[in-house]
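Engineer: Have a look at this one.
The values are calculated or read from the model by the stated rules, or taken from the named source; none is laboratory data. Values in this document were obtained by computation on a predicted structure and should not be read as measured data. Don't worry about glycine lacking a Cβ; one is built from the backbone with ideal geometry, like all the others, and counts go over all protein chains shown.
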Amino acid sequence: MSTTTRTPPPTTSPLLNLPPELRNAIYDHLASSPQPIDLQSGGDPSRLSTHCAPLAGVCHQLRQEFSAAYHATTLAHAHTITIHNTDLAAKPFLRTLSRLPAPADTNPHRAISLHLHLTNALRPTDITAFVAHLAAAAITPPSSSSAGAQISYGLSFDPKAFDLYSFRIVFARLAKRYRFHRCDAEQRVWEQVYWAFAEAAERVDGVRVRQYALGQWRGSGGGICFV
């Protein structure tokens, strides 16, 4: 005589027995805990992963309810949002920036950091286009108030693969052009990119930022390079 094992019905979380208003208050409280957020340029902030919230893994209904509050609330309360960008792709960055919700009233000093990763595929026209797009956005910002936020810049590259010597020359030549032939808005964006590159390069080859600013540094053969 065979016996069959009956699968017990799925259990319901006691949280679902609470009134919707109380559940929403709990979701908002959990989602509003300040935390750093990392996003990719071009990505939709509304699809921010909820894997870090254990509540989202209890059951499907809780995940749906919590996710609706989590996306906007977490971004609004995040003290720092870092947007990662490869080779100064301006439009994906601005698209992500414009989709960020406004900071919460209790978080007026939200910081937005742009981390640039450079590869040898970067072209001088990519740099100038990036500067022009961000300068225009600063003058006529998109509807999101995040676009007008103060943005800090960080920069990195693979020191084993990146042609640092050639790109030092590219950046030094562009520096002269921006010094004399660009509007103030473009100069402000350019200086952020310029110093982020110079500081990242100094960590790799030891060339001091002041030497780079003057357009001179020691070449691989020991001589002084001027651009």
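Engineer: For the range 38-60, check the following and say yes or no: at least one residue is aliphatic (A, V, I, L, M), at pLDDT 85 or above and surrounded by 15 or more Cβ atoms within 10 Å (Cβ to Cβ).
Structural biologist: Yes.
Engineer: Still on this structure, I have one more. Where in the range 114-227 are there strands (runs of 3 or more DSSP E), lying wholly inside it, with at least 1 residues that are surrounded by fewer than 17 Cβ atoms within 10 Å (Cβ to Cβ) and at pLDDT below 70? Before the answer, list the steps.
Structural biologist: Working: elements: 151-157, 216-218, 224-226.
It comes to 216-218, 224-226.
Engineer: Kindly evaluate Leu134 against the criterion of being aliphatic (A, V, I, L, M), out of contact with any His (no Cβ under 6 Å at 6 or more places or on another chain) and within 26 Å of Ile81 (Cα to Cα).
Structural biologist: For Leu134, the condition - aliphatic (A, V, I, L, M), out of contact with any His (no Cβ under 6 Å at 6 or more places or on another chain) and within 26 Å of Ile81 (Cα to Cα) - is met.
Engineer: Working only within the range 1-21, note down all residues that are at pLDDT 85 or above and surrounded by 10 or more Cβ atoms within 10 Å (Cβ to Cβ).
Structural biologist: Leu18
Engineer: Just to be sure I understand, how many residues within the range 12-45 are in a helix (DSSP H, G or I) and in contact with a strand residue (DSSP E or B) (Cβ under 9 Å, 6 or more places away or on another chain)?
Structural biologist: Of the residues in the range 12-45, the ones in a helix (DSSP H, G or I) are 14-17, 20-31, 45.
From what's left, in contact with a strand residue (DSSP E or B) (Cβ under 9 Å, 6 or more places away or on another chain): 45.
So the count comes out to 1.
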